[in-house]
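The values are calculated or read from the model by the stated rules, or taken from the named source; none is laboratory data. Everything numeric in this text was worked out from a predicted model, so none of it was measured. Neighbour counts run over all protein chains shown; Cβ positions are idealised from the backbone, glycine included. Note: areas computed on protein heavy atoms with side chains; ligands, DNA, RNA excluded. Shrake-Rupley method; radii C 1.70, N 1.55, O 1.52, S 1.80 Å.
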Amino acid sequence: MDNDELQRRMSQAPGAIMRQSTLCVTFTGVLIGFLLSISISSLSTMSFANLFTLIVAIFSATVAINLFIMPSIFYHLPSRLINLEIYDRSSQKFILFGMIAVSITLYLCLEVSLSALLSIETAFGVATVPFALVYSMFLVEVRKIKHSKREDKS
């Protein structure tokens, strides 16, 4: 890739990153709203374990939102202090780590929901099923990408 192409792509990067960040913040904000509503309205009927799990879920969602807004904060640094390549790489890391925190939140929320029907130990196990499924699909796609890159080199 030549320098002009890199410059063009980097000039488009902040907008794409900001859109990703905005979408993630919005989703996580709505999720926190639901979690707070559940935790406040169910204080007397939930077990201590479920309340503790909900608090951890709210905490991880809060961490996720903070990670998701970092690209915006980063973007507003004076331009002489930031390189677009570094901005792109750092922003993608913030978004990735935020997605990991949101996944933890979703897992814990699913566990709390399932524990109304199952024992807590069983609920923790069953809650892993959708995440294991998605992760296995992700690994299949990564293998396809790696395989296609090997064929392109040949």
Report task. Treat each spin label as a single point 7 Å out from the Cα along the C-beta direction, and report the Ser103 to Glu141 distance in nm. Result -> 1.2
**Report entry** Karplus (6.51, -1.76, 1.60) ³J(HN,Hα), θ = phi - 60°, over segment 109-120, in Hz, Gly and Pro reported as x
**Finding:** 5, 5, 4, 4, 5, 5, 5, 6, 9, 10, 5, 4
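Restricting to Cα pairs below 8 Å that are 6+ residues apart, what does the relative contact order work out to for segment 49-148? Please round to a whole percent.
Details: 63 pairs, mean separation 32.6, N = 100.
So the answer I get is 33 percent.
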Report task. Quote the accessible area belonging to Ile145 in square angstrom, nearest 10, computed with a 1.4 Å probe and with ligands, DNA and RNA left uncounted. Result -> 100
